[in-house]
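Structure first, then comments.
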Amino acid sequence: MPKLGMPEIRRPQLIRATMDVINQVGFLNASVAKIGQQAGISPSIINHYFGGKSGLVEATMRSVLKDLSTGINLRLSKVPKDDTLARIEAIVGENFSPHQQNEAVVKTWLAFWAQAMHDPALNRLQTVNEKRLLSYLRLELKRSMPHAQAQMVATTIAALIDGIWLRGALNRQGIDSNLARRVVMDYLSLYIKQG
């Protein structure tokens with residue numbers, strides 16, 4: 001966790017630099033020195049405020065996850081609360097938004113997922129991310145189906161989102177957001193009839 005005192009104007013620079021360096025050289029070669037050089041900040045300052053590369057990656061992913069959550073909430077604010085299909089589509093749409101498909105963000109996600117298996121702080125962050133997505137989906141689905149069914153459908157939609165996203169991230173053509181939305185909405189149509 002970053003220590004207090006890191007000037008807020010520098011945090012976005014460091015987060016951007018972290019994603020840029022991971023994008024350029026991969027997670028393993030993304031050293032604190034390279035990230036510091038990219039951001040124009042001394043590596044010792046990064047180590048002081050973030051405790052090294054792992055803390056900086058955690059702060060970077062917190063920023064990415066905050067952007068994702070903000071985007072979902074913004075999309076949901078524009079959709080009537082009683083339109084379950086449109087609200088699920090808004091959640092899915094933000095997970096495949098242009099920001100989430102940015103090359104540097106995609107590679108940062110992939111690095112994060114790989115490291116989350118070995119780093120307890122990143123693993124906790126991934127758990128929060130997973131629970132948040134399921135919570136968004138369950139909340140909307142419970143309006144149209146029983147709780148147990150909403151749980152199962154939410155879990156399946158989350159798996160579809162992750163699977164389609166991962167396949168697209170590893171594909172040279174990239175992520176097909178339109179296909180992702182169609183697949184999820186087609187699955188959802190088995191449970192909710194369009195009005």
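Structural remarks
- Taken over the Cα atoms of the chain, the convex hull encloses 123 Å³ per residue.
- For segment 98-195, trypsin sites (Lys or Arg not before Pro) are listed when DSSP marks them as loop and at most 11 other Cβ atoms sit within 10 Å of their Cβ; the list is Arg172, Lys193.
- The Cβ shell under 12 Å around Gly93 holds other residues with a net charge of +3, Lys and Arg each +1, Asp and Glu each -1.
- All other residues whose Cβ lies under 15 angstrom from that of Leu170 are scored, Lys and Arg at +1 and Asp and Glu at -1, for a net of 0.
- In terms of surrounding Cβ atoms within a 10 Å radius of their Cβ, Met19, Met117, Met145 rank from fewest to most as Met117, Met145, Met19.
- Angle between the chain longest axis and helix 120-141 axis [Cα atoms, degrees, rounded to 10]: 20
- Cα-based convex hull, segment 86-195, per residue volume (Å³, whole number): 100
- Whole-Å distance, taken between Cα centres, linking segment 42-61 and segment 137-195: 35
- Against the chain, whose longest principal axis is taken from its Cα atoms, helix 147-169 shows a tilt of about 50°.
- Distance histogram for segment 31-82 (every C-alpha pair counted, 10 angstrom bins, percent rounded to whole numbers): 24, 33, 19, 15, 8, 0
- Equivalent ellipsoid semi-axes - Cα gyration tensor, segment 27-117, angstrom: 33, 13, 11
- Each other residue within a Cβ distance under 15 Å of Ile161 adds +1 if Lys or Arg and -1 if Asp or Glu, for a net charge of +1.
Here, each number is a calculation from the coordinates, and none is a lab measurement. Not measured: the values here are computed from a predicted model. Every residue, glycine as well, gets a Cβ built from its backbone with ideal geometry; the counts of neighbours run over all protein chains shown.
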